[in-house]
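K.L.:
Dropping the structure in here first, questions after.
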Amino acid sequence: MHLVGMLDSPYVRRVAVSLTTLGLPFTHESVSVFRHYERFQGINPVVKAPTLITDGGVVLMDSTLILEHTEKLAGRSLAPDELSAHARAQRLIGLALAACEKSVQIVYENQLRPEEKRHQPWLDRVNEQLLAAYRLIEAEIGDATMEDGEGWLFGPAPLQADITTAIAWTFTTRMLPDLMPADAFPALTRLTTRAEAQEAFKAWPYDG
Ligand SMILES: N[C@@H](CCC(=O)N[C@@H](CS)C(=O)NCC(=O)O)C(=O)O
């Protein structure tokens, strides 16, 4: 398998960390959707990161769909089995992915759109959505586990909810440090610090 995309993308990173966690071997090619647009086009004409090329040569995109396929390949899931835990995990992943999407929108607005064409009401709306997502995550994980510094959100090992939540928080705090006062989100910060110290995370560090 071959993963294409930069590690400054939370979507690429969640795939890389998950594949490593699942013990699936893959090669990685660091190609930017902006700086290497034409090279990316040659791999995937839609230019979406992450792109994953399966051993059978199928070109996949969208991190969640890629992870769905690779979990099938690994024969194991990074979701909790128990139904109510599964629902909570999916909710957290949904919130973290929304936070990634809103962070990316702010970054694109600030870096790609000329200043005179920026629309402040739109940025305000996206900021509000981003904060709402992280406040809800903080509330969900605030009193869950980890007080003892050992457990993870859904048991003894990090699962997809831990991976995506931590990667989202690293991305947002690195890309938008002025928007997210880390001390306002102590549970998220604690989870992320522990996650980033894991081997699978250190193997695929945020690269911004
Ligand atoms: N829902 C997608 C989002 C992926 C995404 O938007 N990736 C960005 C890089 S962080 C990208 O490909 N941007 C280029 C573009 O959309 O034109 C996923 O989960 O993979």
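The values are calculated or read from the model by the stated rules, or taken from the named source; none is laboratory data. In this text, all values refer to a predicted model and were calculated from it rather than measured experimentally. Quick reminder, even Gly has a Cβ in these numbers, built from the backbone with ideal geometry, and neighbours come from all protein chains shown. Keep in mind that these areas ignore ligands, DNA and RNA; they rest on the heavy atoms of the full protein, side chains included. Shrake-Rupley method; radii C 1.70, N 1.55, O 1.52, S 1.80 Å.
K.L.:
Pull up the range 44-76, narrow it to residues that are of a type in the set (Asp, Glu) and within 16 Å of the chain's Cα centre (by Cα), then point me to the one that is nearest to the ligand (Cβ to nearest atom).
P.N.:
Asp62
K.L.:
Still on this model: Only helices (runs of 4 or more DSSP H) wholly contained in the range 58-166 count here; list those with 2 or more residues that are touching a strand residue (DSSP E or B) at 6+ places or on another chain (Cβ under 8 Å) and assigned by TED's automatic domain parsing to the domain that holds Leu22.
P.N.:
63-74
K.L.:
Another question about this same structure. If the requirement is being touching a helix residue (DSSP H, G or I) at 6+ places or on another chain (Cβ under 6 Å) and open to solvent by less than 20 Å² (accessible area, probe 1.4 Å), which of these qualifies: Ser63, Ser32? Can you show your working first?
P.N.:
On the way: Ser32 fails: touching a helix residue (DSSP H, G or I) at 6+ places or on another chain (Cβ under 6 Å).
Only one candidate passes the filter, namely Ser63.
K.L.:
Scan the range 24-36 and report the pairs whose first residue is touching a residue at least 40 places away in the same chain (Cβ under 8 Å) and away from the ligand (no atom under 12 Å from the Cβ) and whose second residue is open to solvent by 80 Å² or more (accessible area, probe 1.4 Å) and not in a loop (DSSP other than H, G, I, E, B), with Cβ atoms within less than 7 Å and a gap of 6+ or a chain change.
P.N.:
Leu24/Leu73
K.L.:
If you don't mind, another one. Taking the stated definitions as given, is Ala89 within 17 Å of the chain's Cα centre (by Cα), more than 15 Å from the ligand (Cβ to nearest atom), surrounded by 11 or more Cβ atoms within 10 Å (Cβ to Cβ) and among the small types (Gly, Ala, Ser)?
P.N.:
yes
K.L.:
OK, next. Which is within 30 Å of Gly142 (Cα to Cα) and modelled with pLDDT of 95 or more, of Gly75, Gly94?
P.N.:
Details: Gly75 fails: within 30 Å of Gly142 (Cα to Cα).
None of the other options fit; the residue is Gly94.
K.L.:
For the range 175-186, state whether one or more residues are under 30 Å from Glu82 (Cβ atoms), surrounded by 11 or more Cβ atoms within 10 Å (Cβ to Cβ) and not β-branched (Val, Ile, Thr).
P.N.:
yes
K.L.:
Look through the range 1-20, keep the residues that are away from the ligand (no atom under 12 Å from the Cβ) and more than 16 Å from Ala168 (Cβ to Cβ), and return whichever of them is least open to solvent (accessible area, probe 1.4 Å).
P.N.:
By that ranking, first place goes to Leu19.
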